[in-house]
Each structure stands twice: as structure tokens, then as C-alpha cells.
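Chemist: My questions will all concern the structure given below.
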Amino acid sequence: MRSGQDLELVHLTKRYGDTVAVRDVNYVFHNGTYVCLLGPSGCGKSTTLRMIAGHESVSDGSIVLDGLDIAHLPPAKRGTAMMFQSYALFPHLSVRDNVAFSLRMRGVDKPSRHKAADEMLELVHMTSFAQRLPAQLSGGQQQRVALARALVTKPRVLLLDEPLSALDPFLRIKVRAELKRLQRELGITFIHVTHGQDEALALADEIVVMNNAVIEQAGAARDVWNAPKTEFVARFMGGHNVISLDGAKVALRADEVVLGDHGLSATVTSVEYQGAHVAMTSMTEAGEEVLALVPESTFYANPKNPGDAVSLAWDEGRAHRLQA
Amino acid sequence: MLKNRHIQGWLQASPLTLILIGFLILPIITIVVVSFWQATEFSIIPGFSFENYEFLFGSPVTYKVFFATFKYAAITWAMTLAIGFTVAYYLAFHIQNQTTQIALFLLCTIPFWTSNIIRMISWIPFLGRNGIANSMLQSWGITDQPLEWLLYSDFSVILAFVHLYTLFMVVPIFNTMTRIDHSLIEAARDNGASGFQTLTHVILPLTKPGIMIGTIFVLTLVMGDFITVRFMSGSQKANVGRLISNDIALLQYPSAAATAVILLITVLIVIGILLRFVDIRKEL
């Protein structure tokens, strides 16, 4: 489903001296999708985002938006806007002036830029705080202001650099829903960098998993979760076991492991009650750890203790082979 | 317990309080008291008289000298600010490596390893009639004869002031600038600000407290100075400090005290006005 309005990375590369931060990345961000760049720290996801934003020079390759190579344009000319991890609100300006900043830089007159800023503040439900200084706002409120500031220029693509990492867990879930709502209302592309797989799964239409400067796997959130291609993806997404079967590595979802009479024999090493599930870790004879997420009622119908021998089974076809 | 902590607090604050009372408050009170005394060529008469102040405010010399003092302060301020801001900006934003930053910053302080007087006097052979500056200008054919205004003039006085006091501008401005989050600069760029707009809309407003502290340093130093003006003007120019020092040399302590009181009040008023514009508390 390509359209002329997609954002495309073509052989995008970033080198710092001899080290390669991003190696020959090719990807198409479809217009109007919510994409999460996911990976451990140092994997190149932030560098990729900053190259798209224009805050990091491109060593090689192009960034194409609307059929135009924007790789060498200044940030404000690209049709992208960035929301910074620390929000980067100007501490000496009121909330309204922060949001209106980019319009002021363009020479928009005061009444129209204040009107545009107020519209954005309404979108993020911050109208009543327009006169305040950033220091007088909570973390969540600052984040909304940063969002309004990024959106006021009507960007085609919004770039979010770990936007939720500075919030407490409770707020994080609230803001997460807010981001998704905004993206749906505005219908623009959101590219969101995160190292939290739960965040990525909750938000993303598409997930791009990066590791060691390259894309390990990309696709719809469900596809990536259900069919991790490599051991790295399976482990990083969590909830999967990686075990050796018939000389090949396979990934097996922890919630699809059942305790049966036949199957892979193993010894229970730990049992953890997690509410809806019981997380039971066991060690196979090959010395591989297997996590089983067993529904609570099923587990307590036939409880196991550390040291017990168990047989681990799963439906045929549920374990799938990983690329070496 | 609460009372105990009260006593502890007072005890902890008392050494500094005593020092300030003994070495700042008492001397100032003494100066104020002496400023109301009378004096003749050979005696000082304790008393309470407005004679010194009447003389001070009645003399046109006072106004001229105060004007000259303000002129030195204003020009020196403008130049130290321009140089100080530029140097601090370069150190804070163009030097990425922190080690280099600190090394260059220390380099700025090296001139302070020699005394003020020596640094001042070393200008004299440079700027003199047959000094390096004049002979160079002539050998390059820029001038035909030695420039008279290079030394013993307002020019040389201000040159020395700027040389001596620029660092007092650099340090507080640099200190404020290093606290500016670099992502703010990026955010400004992301919002379409040009380099100059970033400077005027983001960096300058956020550096104001540092500028203000530097301003206070420079203004008080220049307005209270007497030795630089004396050396660099060859005793041909005057400021308030020289007025006081001359009085003291003539043992006219009451008159010197009165001038000092007026100078103190003037400087305090200037600083008071400045502080109305910028809040420096968060920098302290």
C-alpha cells in the first residue's frame, strides 16, 4: 500500500569515525501509521530518528518524504517535528509562547500565532495553563505542551524520542492512550523511539526492531510478536522461550507451554505467582531455561514446587524456527 | 529540641555575622559618622555638620567627576559585555569537549597570575609616544606621526579597564551558559529558529542572570577604582575614586568620607535599578 506521501529511508547510514551507528537501513514508513522504533540502548534507533529530524547529519543514503530527498534540509524545512525526551521547553517562555515559538520565528503576527497556539493547547487539554511557565507544570503537563509545540507547525511526520521515559508508570499508561488518540485524530505519521516492548506493542501499528545498527525485523505489531524471526527479537520482545530442537533454535511463546504427561522433561526451578498467571521456570535436560505462563486456576489444580519434575508440551506448529 | 536547633543555627551563622559586622558594617558606620565632621588644613573636628556635603554638591567639579565615572563605567560595561559574551558563548557552545573547555577557561585566567598594577603598567611602553603601537603604525604607513591619544587619555583608561575586568564578565556568563540544556538549542532549530534567532530568543534571555552578575562586578569595580585612572591617564583624568584618594592624601578625611558615602549610595541605586530587571537569585 504505497502512496506518494510515505516517508522512506534509503540506504541510510551514519558513521562516527570508524564506528557505524546506523548501517544501510531501508524502510518505508506508510503515511498515517504509528511506528515504534524498538531496541536496546545503542542500537541506532535514536540516531535514526535524529537523522530523520535533521539533528544529526546523514553519512550516506537518503530520507525521502513526499518524493523529495529531505536528508540535507534544515529541520524546520522537512515537514517533520520532533518531541524531545526531556521535552526541551523554553524555561523563560510561558506555555502559550512555547507553543507559538516556531510561528514567531517565521514572523507570524502575535494575534494569529496566539490563536494557533491556543488551538493546539485545546487539542492537548492544556488551555487553562497557557499563562504558566514550564517550571510550574507537572511532568505529564510539560509533555502535553511539548506535544502541542511540535504539532503547531502541522508536521507531516511527528518524531518522538522516548517520550514516556520521564514519566512515572501510572502516568505513562495514561499518556500512551493520549498519544494514540492524537495520532488517530490527526492522521499523520508518528515515529516513536522506545526501548520498552510493552509500550511498542500497545501503541504501534508497525514495529521496527533494531539491533547493532541494523533492522532485525519489521512488521505489524502482531506479526512481530507472534513470529519473531531471530533469537534477538524473540528475547527482546519478551514472553518467548528460545530453545534448541532438532539442532535448530526455535521460539516458543511462554503462554503456550502447557504442563502435560508427555513432552520435554524438565525440573522446576522457580514458581512466581503473578495474578492471572503463574510464571513457572524450569530447566530442561539440555540445560535450557523454559518459562511457562500457566493460567492461575490450571496451575493450582495441580501445583508444582521447585525441584519437581515436569513434562513441557505445546501444540504442534506453535514452536517456530528462528534464523540462525 | 526545637530550641536547641535554634541555638545551633545562630551559632553557625555567628562567625560570618561577626566578621561582616566588624569589617563591613562598623567601617561603613564610621565613614558615615566621619562624613559629618569638620576639618581644617591641620585639624579634624568631630561634630555634626553638613559642611562637607554642601561643599560636595555645591561644586561643579563633583558633577563633572561623577559624570566621568559613569562614562568610564558605561563604556567599560558595554565592551566587557560584548567581549565576555562572545568568549563565553564560544567556550560554552562551540567547544564540545569538556576537557578543552576547562583548559581554555583556565587559559583566560592566566593574566590574573600577575598583579593588576603590573598588567596596567605594561601597557605604558606599548602605547607610549615611541611605543610599539605607534612605531608599528608608522612603519606600516598608517600614520605619519605618533598618535597622542593612545596613552594618558580616556582611551588608555578604558583599554586598561576592559583588559582588567573582562574576565569578571566571562565567568558568570559562562557559568550560566553551561547550564543551558543543549536540547533547547536543538528544539529552537527544530522550530525553525535561525542561528541568530536562537541567540536572541533562547540563549540571551537564559543568560540574563549571568550578564547581570557580571554587570554588577564590572560596575562596582570600575566605579570604585582610582589607581587605574591615575596610572593610565597620567594623572590627567579624574573619577570619584581619585577625588577620595586626593582628599585622603591631604588628610581631609571628613570630606573623603562624604564623597565615599555619596559614591556608595550612587552605586547601590544603580544596582538596585538593575536588580529590578533581572532576578539573579536562582544563580546564587
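Readers should treat all values here as calculations from the given coordinates under stated rules, not as data from a laboratory. Source: prediction; values computed, not measured. Every residue, glycine among them, receives a Cβ derived from its backbone with ideal geometry; neighbour counts consider all protein chains shown.
Chemist: Can you give the net charge of the other residues whose Cβ lies under 13 Å from the Cβ of B:Ile227, counting K and R as +1 and D and E as -1?
Modeler: +3
Chemist: Straight-line reach from A:Lys77: which lysines fall under 20 Å, measuring Cα to Cα and dropping same-chain residues less than 8 apart?
Modeler: A:Lys154
Chemist: What are the extents of the Cα atoms of segment A:190-314 along their three principal axes, listed from largest to smallest and rounded to whole Å?
Modeler: Principal-axis extents of segment A:190-314 (Cα, largest first): 47, 35, 19 Å.
Chemist: Work through the residues other than B:Glu186 whose Cβ is under 15 Å from its Cβ and net out their charges, Lys, Arg +1 and Asp, Glu -1.
Modeler: -1
Chemist: Where the centre of each part is set by its Cα atoms, how far does segment B:221-252 sit from segment B:157-175, in angstrom?
Modeler: Taking the Cα centre of segment B:157-175 as reference, the centre of segment B:221-252 is 20 Å away.
Chemist: For a quick check: sort A:Met237, A:Met280, B:Met136 by the number of other beta carbons within 10 angstrom, fewest at the front.
Modeler: Placing the least packed residue first, the sequence is B:Met136, A:Met237, A:Met280.
Chemist: Next question. So which helices of chain B fit the span-like rule, where a helix is a whole DSSP H run, its Cα atoms reach 30 Å or more along the axis, and its mean Kyte-Doolittle is at least -0.5?
Modeler: Qualifying helices, which must be both long enough and hydrophobic enough, are B:60-89, B:154-178, B:253-277.
Chemist: In square nanometres, what is one fourth of the surface area of the convex hull spanned by the alpha carbons of chain A?
Modeler: 20.1
Chemist: Something else about it: Just want the ordering: B:Asp144, A:Asp6, A:Asp69, from fewest to most Cβ atoms lying within 10 Å of their own Cβ.
Modeler: Neighbour counts put them in this order, fewest first: B:Asp144, A:Asp69, A:Asp6.
Chemist: Let me ask something else. Work out, in µm²/s and without decimals, the Stokes-Einstein translational diffusion coefficient of chain B at 25 °C, 0.890 mPa s, Rh from Kirkwood over C-alpha pairs.
Modeler: Reported coefficient: 110 µm²/s.
Chemist: Calculate log10 I(q)/I(0) of segment A:242-321 for q = 0.18, 0.25 Å⁻¹, where I(q) comes from the Debye formula with a single equal point scatterer on each Cα and nothing for solvent.
Modeler: -0.68, -1.30
Chemist: Give me Rg/Rg_expected for segment B:18-95, where Rg uses Cα atoms only and Rg_expected = 2.2 N^0.38 Å with N residues.
Modeler: In units of the 2.2 N^0.38 Å rule of thumb, it is 1.81.
Chemist: Taking Cα pairs under 8 Å and at least six residues apart, what relative contact order does segment A:242-321 come out at, in percent?
Modeler: 40
Chemist: Another question, then. On average, how many beta carbons from a partner chain sit within 10 Å of the beta carbon of a residue in A:45-55?
Modeler: Neighbouring Cβ atoms belonging to other protein chains average 1 per residue here.
Chemist: How many Å³ per residue does the convex hull of the Cα positions in segment A:56-95 occupy?
Modeler: Hull volume normalised by residue count: 106 Å³.
Chemist: If every alpha-carbon in segment A:10-90 counts as one equal scatterer, what log10 I(q)/I(0) does Debye give at q = 0.21, 0.24 1/Å?
Modeler: Log10 of I(q)/I(0), two decimals: -1.10, -1.38.
Chemist: Can you pull the mean other chain C-beta count within 10 Å for peptide B:179-189?
Modeler: Going residue by residue through B:179-189 and averaging, the value is 6.
Chemist: Still on this model: Given just the C-alpha atoms of segment A:119-257, how large is their convex hull per residue in cubic angstrom?
Modeler: 129
Chemist: Under a Cβ-Cβ cut-off of 12 Å, what is the net charge of the residues other than A:Glu119 that fall near it, where Lys and Arg count +1 and Asp and Glu count -1?
Modeler: Neighbourhood net charge equals +2.
Chemist: Counting other C-beta atoms within 10 Å, which of A:Ser57, A:Ser102 has the fewest, and how do the rest follow?
Modeler: Ascending Cβ contact count within 10 Å gives the list A:Ser57, A:Ser102.
Chemist: Return P(r) of segment A:78-198 (all Cα-Cα pairs; 5 Å bins starting at 0; whole %; ordered from short to long distances).
Modeler: So the P(r) values, bin by bin, are 2, 12, 23, 25, 21, 11, 4, 1, 0.
Chemist: Taking the Cα atoms only, what angle lies between the long axis of helix A:95-105 and the longest principal axis of chain A, rounded to 10 degrees?
Modeler: The two axes meet at around 60 degrees.
Chemist: Same structure, new question: State, as an integer percentage, the relative contact order of chain A based on alpha-carbon contacts under 8 Å between residues 6 or more apart.
Modeler: The value is 17 percent.
Chemist: Across peptide A:83-94, what mean number of C-beta atoms from other chains lies inside 10 Å of a residue's C-beta?
Modeler: For peptide A:83-94, the averaged partner shielding equals 5.
Chemist: Still on this structure: Using only the alpha-carbon atoms of the protein assembly as shown, report the extent along each of the three principal axes, biggest first, to the nearest angstrom.
Modeler: The Cα atoms of the protein assembly as shown stretch 119, 75, 49 Å along their principal axes.
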